[in-house]
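Okay, structure first, notes after.
The values are calculated or read from the model by the stated rules, or taken from the named source; none is laboratory data. All of these numbers come straight from a predicted model, not from anything done at the bench. Here Cβ is always computed from backbone atoms with ideal geometry, including for glycine, and neighbour counts include all displayed protein chains.
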Amino acid sequence: MLIDASSVAASADEIRAGAVSGIIFDMDGTIIDSMPSHAQSWVAFVQNHGIDIDVPDLMRRTTGRTGAECMRELFARDMSDEEAWQHIAEKEQLYRELFAPIFTEVAGFKAFAAQTRARGLKVGVGTAGDRHNIAFAFGHLKLPTPPDAVAGGDEGLAGKPEPAIFLEVARRMAVPPERCIVFEDAPFGIEAARRAGMRAVAICTSHDAAQLAGPHVLAAARNYHELIESKFLERLHVEPA
């Protein structure tokens with residue numbers, strides 16, 4: 001069942017408000033259950049560099065931001081893109097080594113994605129992760145059909161809560177922003193969806209529904225099985241792009 005039936009299981013009229021042509025998924029914590037491994041990799045990275053910092057606080061301040069933005073926040077100084085991405089390459093290699101042996105999708109994702117396509121919706125991915133993490137994730141997921149569009153955090157786009165990544169995915173899918181629904185697990189991503197003029201669904205793997213609330217949030221669920229059971233997709237007004 002959904003987390004909060006009173007606010008999450010929105011009425012058919014609420015969900016149908018406005019046609020939907022595209023679904024945009026964040027990646028980490030939304031498609032794949034990777035956030036604990038990201039936290040572990042941050043711990044290892046700061047230890048390697050002799051940095052004394054509260055890692056959970058760092059993640060609250062950076063989850064959804066690009067790698068370069070994260071490193072500038074961590075080191076608390078300006079640095080070139082080249083230096084920033086050298087650091088993020090080290091950190092993300094640690095992450096992939098930690099997560100690869102226990103790689104897991106957010107429960108029900110592939111089934112939900114298949115149903116999304118079956119209803120004629122385009123599927124996009126908008127992540128602050130870089131191309132290496134994107135390739136890693138989709139190499140392990142082995143989706144039968146790749147996303148229609150992907151935008152990542154190493155393409156020169158501003159990280160979340162800025163809307164640039166989601167707007168670029170919508171552009172590449174040729175879907176107007178107002179016809180997109182974003183699936184997100186982090187407050188910065190939920191806010192980025194709002195700024196993009198998109199509706200959102202909260203995936204509560206790393207934050208609770210209250211932390212991911214907003215007037216544009218249609219539903220909140222712990223995983224995709226809950227959304228399938230609630231017939232979320234069946235209650236959308238789908239208009240193919």
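When you check ILE134 against the structure, is it under 20 Å from GLU162 (Cβ atoms) and surrounded by fewer than 20 Cβ atoms within 10 Å (Cβ to Cβ), yes or no?
Yes.
Taking into account only those residues within the stretch 101-120 that are part of a helix (DSSP H, G or I) and in contact with a Ser or Thr (Cβ under 9 Å, 6 or more places away or on another chain), which is farthest from VAL182 (Cα to Cα)? I'd like the intermediate steps shown before the answer.
Of the residues in the stretch 101-120, the ones part of a helix (DSSP H, G or I) are 101-102, 109-118.
From what's left, in contact with a Ser or Thr (Cβ under 9 Å, 6 or more places away or on another chain): 102, 109, 113-114, 117.
Values: ILE102: 26, PHE109: 14, ALA113: 13, ALA114: 16, ARG117: 15 Å.
It comes out as ILE102.
Sort through VAL43, VAL123 and tell me the only one that's assigned by TED's automatic domain parsing to the domain that holds VAL169 and not in a loop (DSSP other than H, G, I, E, B).
None of the others qualify; the one that does is VAL123.
Could you please let me know if ALA149 is in contact (Cβ under 8 Å) with a residue 24 or more places away in the chain and at positive phi?
no
For ALA200, all conditions in the list (1) touching a His at 6+ places or on another chain (Cβ under 9 Å); (2) outside any strand (DSSP E or B) hold save one; what is the number of the exception?
(2)
Yes/no per residue for (1) on the phi > 0 side of the Ramachandran plot; (2) of a type in the set (A, V, I, L, M); (3) in contact (Cβ under 8 Å) with a residue 40 or more places away in the chain:
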{"residue": "ASN48", "(1), (2), (3)": "no, no, yes"}
{"residue": "PRO56", "(1), (2), (3)": "no, no, no"}
{"residue": "ARG60", "(1), (2), (3)": "no, no, no"}
{"residue": "THR63", "(1), (2), (3)": "no, no, yes"}
{"residue": "GLY67", "(1), (2), (3)": "no, no, yes"}
{"residue": "GLN86", "(1), (2), (3)": "no, no, no"}
{"residue": "LEU94", "(1), (2), (3)": "no, yes, yes"}
{"residue": "GLU105", "(1), (2), (3)": "no, no, yes"}
{"residue": "GLY108", "(1), (2), (3)": "yes, no, yes"}
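Is it the case that GLY129 is part of a loop (DSSP other than H, G, I, E, B) and of a type outside the set (Phe, Trp, Tyr)?
yes
Please pick out the residue among VAL175, VAL169 that is over 14 Å from the mean Cα position of the chain (by Cα) and within 19 Å of PRO240 (Cα to Cα).
VAL175
If ALA158 passes every condition in (1) buried (at least 17 other Cβ atoms within 10 Å of the Cβ); (2) assigned by TED's automatic domain parsing to the domain that holds SER21; (3) touching a helix residue (DSSP H, G or I) at 6+ places or on another chain (Cβ under 9 Å); (4) touching a residue at least 60 places away in the same chain (Cβ under 8 Å) but one, which one does it miss?
(1)
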